[in-house]
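Nothing in this text is a laboratory measurement; each read-out follows from the coordinates by a stated rule. Owing to the predicted nature of the structure, the values given are computational and were not obtained by experimental measurement. Using ideal geometry, Cβ is built from the backbone for each residue, glycine included, and neighbour counts are taken over all protein chains shown.
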């Protein structure tokens, strides 16, 4: 079976089984990984799908989280069926406005413009009282999924919330996989490879890029919404450029252009963070966890230029090269030397 088809199913089954066997700490860690995996998948649509490297993607993550907190009443639970679409719509609306301007630029200028718009959103929530300022804001009640007085599931229960996040990850993964196989996904791939040639072929590339930008922002808003429900607390740091850099590292570490790679990169980076921050393993040196994390990322990127998703292909290439050397070595030793290099023997005329 193709690895690209087996990996999503194996990942989702492993996460589903883990919910029943893990402790509270490890299930919380798994929820964090799944939320950041949705976040990374949303950026993979831009970077790996359309070739749009953004350093402002955290703005949509934070807007989705703040929408969940600000639109929830302080005294009762809101309805999930309008609060979730509202969070996605808020992130998509900001992307429509900023993307319409940012996509007029390309390359490093696009990176800087997206960073500037993200920092603008960061300072709006950081320096005003609307979002609680630098102290952040609390979400006191998780939304309820009631339909006409009937409650199909209760997000206040930890296992239910776990599987709700898992379902969101599966739907996001499936949606993006279908999008990549569609004509729209093929057009995005063409834009990533050679935008000028796509224009010459008659495509107006700007609407395609803007649509992808808005879809990616809405999915990042979904991740932010789930993160707000996880901790019940939202701070402006969710919109900071460090968050954008973190999710970009996840995509690069996993492998550009691979949905499974985005998830693998998320798992690897989150687990590396937890490992190097462990007081039990590193004691007081755990305070300096950024240094070993940086070294580990450099080593992984150097050894795996195609990311974690490209590890099987790289292993096959390495085996092929090793097999080629092994087969070539006996042939080289058994071949006679050229005539010009052989010493004359008795009875053989000199050259």
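General observations
- Candidates 288, 126, 57: whichever shows maximal mean-square fluctuation once the chain is modelled as a Gaussian network with Cα springs under 10 Å: 288
- Spatial separation of Cα centroids for the stretch 235-284 and the stretch 46-82, in angstrom: 19
- Cβ crowding within 10 Å ranks 208, 94, 285 as 285, 208, 94, fewest other Cβ atoms first.
- The chain: angle of helix 24-44 to the longest principal axis, Cα-based, in degrees nearest 10: 70
- Rounded FRET efficiency, nearest 0.05, which uses the C-beta distance separating residue 323 from residue 123 and R0 of 56 Å: 0.45
- The residue 233 and residue 290 beta-carbon pair, evaluated with R₀ = 22 Å, returns a calculated FRET efficiency of approximately 0.40.
- Rel. contact order, % - alpha carbon contacts under 8 angstrom, at least six apart, the chain: 28
- Gain on full stretching of the segment that runs from residue 130 to residue 112 - 0.36 nm per residue minus C-alpha separation: 3.8 nm
- For the chain, the calculated P(r) over all alpha carbon pairs, in 20 Å bins from 0 to the bin holding the longest distance, is 26, 51, 14, 6, 2, 0 percent.
- Restricting the calculation to alpha carbons of the stretch 29-82 gives Rg and Dmax of 14.3, 45 angstrom.
- Three semi-axes of the equivalent ellipsoid, the stretch 5-95, Cα gyration tensor, whole Å, largest first: 25, 23, 11
- Helix-derived mean residue ellipticity, 222 nm - over the chain, DSSP H n ≥ 4, -39500 (n - 2.57), to 500: -22500 deg cm²/dmol
- Calculated FRET efficiency for the pair residue 201/residue 18, C-beta based, R₀ 35 Å, to 0.05: 0.15
- The stretch 121-261 - Kirkwood radius from inverse mean 1/r over Cα pairs (Å): 18.1
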